[in-house]
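Single-structure report; data block below.
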């Protein structure tokens, strides 16, 4: 008998014993998939193996000897029967086998591995490539500290616990190598805080022309022309933001308006500010807004689903950034007066909404997208911070008011008037416009600072973790 070594690309070592007659030797307990014994047994059980999926239980239930919680939603464990006295180990597959992982040896029963027939260790055809007939063991040149947890997964009926000393990405690589299944790997990622993104295909328009227009504006990397359009969009956004800021400079105040004297019946004169459309800042603003409007119209026409388009928050940013210019232009033609001459609250709100156009950069900036996803997933932590801050504001505002009530020239004339001091103190800003004078007031101020630091520090680690997960997924450093 001699040994023929079969080299695989994913394992450094493995051999199969071959006899002179060309058949594999029965060194592997008659379980080698190419042995005559196994081939006869496999033919007998072919009908049973074809119905293997029917034996898989719908939900993983741990053995009665284990009080463990199964982490997989749809496990693939096969049911096993209890051993009786005088049983046949070869039929019941209860004989022990040795698994050598980079020099560290483990012993387990064959029936334990066969409970997961779709995995590397549970599949008789897959694990034979790692069989060392000379040493009568399986050899894997893999990460040794990770394997006890993988073997315990078979033994416990589905309880997967990562060793503390093993990094998450290394353990994930081992799970993928031993082919524990997508369900187990997904459950592990969720337990470790990995972000499970939807891997489904994007909905695309069916019409060829509509599809090309949609890819042109929505997928900058789809073609060279799409990259040019994305670059133009970024340029228009930057120019529009700069123009918006320049308009507020004192030397450019009311530059787009001119005073016109009107003569009414009865020789009554009045002065009125009318817009100057030839003003350079207005021309730049109109040009940028025209590009944004055309872009939005083409995206609405070519989008594959109008419902999904409306539900997308980024599209609402585009609408909000365009709306102030459209409304102001409509009011200008209706009233005939310059926008700067109106001091109403509605006009002020529209001017504030113009700031939202800078958020359009999130479509072209991966960093801003990561920030938006982080804030979206951290809403609960942000609300917790607001709750802590609100409770602290009420408590310390009332405390500082009564502590400084007997002081002369006190800054704290009421509890609502002390809210501002509580906010800037708990957030460690401290403008110095309001400060305590008495000793009790200073003690309360110190406590307010300490409580503010705790209120900020408690939710911050969760927010940082969410950002790290998104950053790790976007840069491909997580190993999946």
>> Using only the alpha-carbon atoms, what does region 379-458 span along each of its principal axes? Please give whole angstrom values in decreasing order.
In response: 43, 19, 19
> Using 7 Å Cα-to-Cβ label points, what is the residue 136/residue 209 separation (nm, one decimal)?
Replying inline: 7.7 nm
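By per-residue mean of other Cβ atoms within 10 Å, what is the highest-first order of 389-398, 310-319?
Numbers: 389-398: 17.6, 310-319: 14.1.
Top of the packing list down: 389-398, 310-319.
Using per-residue counts of other Cβ atoms within 10 Å, averaged over each peptide, order 355-364, 243-252 from highest down. All intermediate terms of the calculation are to be shown ahead of the outcome.
Values: 355-364: 17.8, 243-252: 11.9.
Highest to lowest by the protection proxy: 355-364, 243-252.
Suppose the chain between residue 224 and residue 471 were pulled fully straight at 0.36 nm per residue; how much longer would it get relative to their current alpha carbon spacing? Mind showing how you got there, number by number?
Values: separation 247, 0.36 × 247 = 88.92 nm, distance 2.69 nm.
Fully extending the segment from residue 224 to residue 471 adds 86.2 nm.
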> Over what distance in Å are the Cα centres of region 417-480 and region 226-243 separated?
Replying inline: 36 Å
> How many nm is it between the label spots at residue 182 and residue 463, if each spot is 7 Å from the Cα in line with the beta carbon?
Replying inline: 3.6 nm
> Want the number for residue 251 to residue 405: 0.36 nm per residue separation, take away the alpha-carbon distance, what's left?
Replying inline: 50.7 nm
> What percent does the relative contact order of region 107-231 come to when contacts are Cα pairs within less than 8 Å and at least six residues apart?
Replying inline: 16 percent
> Ordered by packing density, taken as the mean number of other Cβ atoms within 10 Å over each peptide's residues, highest first, how do 297-305, 170-178 rank?
Replying inline: 170-178, 297-305
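Values in this text are rule-based calculations from the coordinates and carry no lab data. Remember, it's a predicted structure, so these values are computed and weren't measured experimentally. So basically every Cβ, Gly included, is an ideal-geometry build from the backbone, and we count neighbours across all protein chains shown.
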